[in-house]
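All of the numbers you see were taken from the coordinates with simple rules; none came from a lab. All figures in this text were calculated on a predicted structure; none of them were measured in a lab. Cβ placement follows ideal geometry from the backbone for every residue including glycine, while neighbour counts extend to all protein chains displayed.
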Amino acid sequence: MPLEEYRRKRDARRTPEPVPEADPVPGRDDRFVIQEHHARRLHWDVRLERDGVLASWAVPKGLPTDPETVRLAVRTEDHPIEYLEFSGEIPAGEYGGGAMTIWDAGTYETEKWNAREVIVRLRGERAVGRFVFIRTDRGRGRDTGGKDNWLLRRSDPVPDRAPLPHDTLPMLPTPGPLPEGDDWWLQVGFGGRRVIVRVEGGRARVTDADGEQPAVPRLRELGPSLGATAVLLDGELVGPPDRADLWIGDLLHLDGHDACALPFRERRALLEGLPLDGPHWKLAPVFPGGGPEVVAAAEQQGLPHVVAKRADSAYVPGRRSADWVEVASRDRRTAPRRP
Ligand code: MN
């Protein structure tokens, strides 16, 4: 019976999802939808119209963006065709409880479709390209709740797309006096642990200047809040590891584009366009052309320093640069030592 499993898992009185009574009617098999599903764990549901229903895979990290990346795709129950247009809030406690939005939709062409391999060309707004699903022999494992594991990769090359780097180190400032001039932008410093945060497929990973990867529980929702956006951020972790917050100071990569060569003023503008104002992560305040009054304000708030960044300077990972000057706040420089 088509859709039997789908209907069994849902109570039409409790979920806003479509639960049609009628049996599916086969159509042209050429429509697809990808939903971003903020369930207990963020994933993307890829659904392809097939024999009157939507063949579905849950992809924890979303569609791969380049041919080098292989992603897990867990086959889930067929969904009704009405689900092509579904978005909404599935109540907590119900199957798949959480917010679901349409990430992309469009048409597709089938190149191959059998029990072990599915090859399609997607033509959406965001999902464009040739994608290959391959069923693995390790399917029906306990870790996937008895569902089939498939691997998903993108097989056609993506022009002009830089991979999101691994193992990047933060750029370092040179200590010094406050430089003068409008081409210096002052960024408030918090004296925390310098880190690089890599976000991809809704997952964030923090690496410090020594290559350590601390667990930062307060940043758990940072990855999901960025959805499918891939970024590399420079920041400072402030506070003890289990209660650390993140102040974000710079941007190294955004969605397939290396940002390091851009001037700081452009990197900052890109940062300000991202949804990075969370409960435990925020952009560090920056004062373009700011002067001694910014250092004095930092001092008043007990902050250790201000970093003056040359507005037209590039980001040079892992290097100490004269384009960034760390200016100690007066408080720190002249505070009397207690005996
Ligand atoms: Mn789902």
_Exactly one of these conditions fails for residue 2: (1) within 27 Å of residue 153 (Cα to Cα); (2) touching a residue at least 60 places away in the same chain (Cβ under 8 Å); (3) more than 14 Å from the ligand (Cβ to nearest atom); (4) of a type outside the set (A, V, I, L, M). Give me its number._
(1)
*Boolean, residue 41 is free of Cβ contacts under 8 Å to residues at least 40 places away in the same chain, of a type in the set (Lys, Arg) and closer than 30 Å to residue 204 by Cα*: yes
*Pick from 81, 34: which is within 12 Å of the ligand (Cβ to nearest atom) and surrounded by 13 or more Cβ atoms within 10 Å (Cβ to Cβ)?*
34
_Take the residues in region 215-247 that are among the acidic types (Asp, Glu) and part of a strand (DSSP E or B); name whichever of them is nearest to residue 200 (Cα to Cα)._
234
_Residue check for residue 54: buried (at least 17 other Cβ atoms within 10 Å of the Cβ), over 24 Å from the mean Cα position of the chain (by Cα) and either within 13 Å of the ligand (Cβ to nearest atom) or within 30 Å of residue 164 (Cα to Cα) (or both)_ = yes
*Residue check, residue 22 against (1) in contact with an Asp or Glu (Cβ under 8 Å, 6 or more places away or on another chain); (2) away from the ligand (no atom under 15 Å from the Cβ); (3) among the small types (Gly, Ala, Ser), all met but one. Which one?*
(1)
*Among residues of region 25-63, those that are in contact with a strand residue (DSSP E or B) (Cβ under 6 Å, 6 or more places away or on another chain), more than 16 Å from residue 85 (Cα to Cα) and assigned to a loop (DSSP other than H, G, I, E, B), counted*: 4
_Quick test for you: out of 101, 168, pick the one residue that is closer than 20 Å to residue 200 by Cβ and within 15 Å of the ligand (Cβ to nearest atom)._
101
_Given the options 191, 202, name the one that is within 21 Å of the chain's Cα centre (by Cα) and in contact (Cβ under 8 Å) with a residue 40 or more places away in the chain._
202
_Hits in region 88-98 - residues which are surrounded by 14 or more Cβ atoms within 10 Å (Cβ to Cβ) and among the small types (Gly, Ala, Ser)_ = 96, 97, 98
_Test of understanding: among 117, 109, which residue is surrounded by fewer than 18 Cβ atoms within 10 Å (Cβ to Cβ), free of Cβ contacts under 8 Å to residues at least 60 places away in the same chain and away from the ligand (no atom under 15 Å from the Cβ)?_
117
*asked:* Test of understanding: among 7, 13, which residue is more than 13 Å from the ligand (Cβ to nearest atom), free of Cβ contacts under 8 Å to residues at least 60 places away in the same chain, of a type in the set (Lys, Arg) and surrounded by 14 or more Cβ atoms within 10 Å (Cβ to Cβ)?
replied: 7
